[in-house]
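To keep things clear, I will list the structure first and then write my remarks on it.
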Amino acid sequence: MRPQSAAVKPFDVNRLEDEVREASQQRPHIQAVDYTPRTPPPPVPEYVVHRDDVSEIGKLSAEAIVKEYEETAKEIEAMGGVVREMVQRCEQLSATASAMLKDIKATATRYRKEGKRIFNEVESCSSATDEVRRMCESFRDKIATKATEATP
């Protein structure tokens, strides 16, 4: 074992791994595992800064917590992308619905115009029929009057 110095050094996982590797190489009955260098942890988000008066354990704990919050924030932002897509679909649906409403109004206007044309045609036919009937009655009355005048 190494003697501990008076000043406390920050905890370093890489240093600990190196010490374990050295110890396993010095004792032949301990099998060493293949060494794969650790990738450095991602830095803390830029919106946080470590304070000077915090212990290494406090810093590591704070980093772990803020990283979890950051991952959650990224998931929330991803949900925002889904909502954005929904908004775009709604806007497309709204545009399609607006075009459909214009078509509906135009169709209703055409039906009213056609209804008015048929209305006027039916009334015109009715007037013509009444006129023909009056002419027939008048002609019949003339024939009947002449027939009675001609009879002695």
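Overview of values
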quantity: Residue (of 99, 65, 41) at the positive-pole extreme of the range 41-138, dipole from beta-carbon charges; calculated: 99
quantity: Sum of side-chain charges, residue 50 neighbourhood, beta-carbon under 11 Å (Lys, Arg +1; Asp, Glu -1); calculated: -2
quantity: Inter-label distance, nm, simple model (7 Å from Cα along the C-beta direction), residue 108/residue 84; calculated: 3.8
quantity: Square roots of 5 times each gyration tensor eigenvalue, C-alpha, the chain, largest first, Å; calculated: 109, 18, 8
quantity: Proximal aspartates and glutamates to residue 142, defined as alpha-carbon separation beneath 19 angstrom and excluding residues fewer than eight positions away on the same chain; calculated: 130, 131
quantity: Inter-site label distance for residue 139 and residue 47 at 7 Å from Cα along Cβ, in nm; calculated: 9.7
quantity: Added length on full extension, which subtracts the Cα-Cα distance from 0.36 nm per residue, residue 100 to residue 125; calculated: 5.3 nm
quantity: Candidate lysines for bridging to residue 102, where Cα separation is under 28 Å - those fewer than 8 sequence places away on the same chain excluded; calculated: 113, 116
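Each value in this text was obtained by applying a stated rule to the coordinates, not by laboratory testing. Note that the coordinates shown come from a computational prediction; the quantities given were computed from them, not determined experimentally. Positions of Cβ are generated from backbone atoms using ideal geometry, with glycine treated the same way; all protein chains shown enter the neighbour counts.
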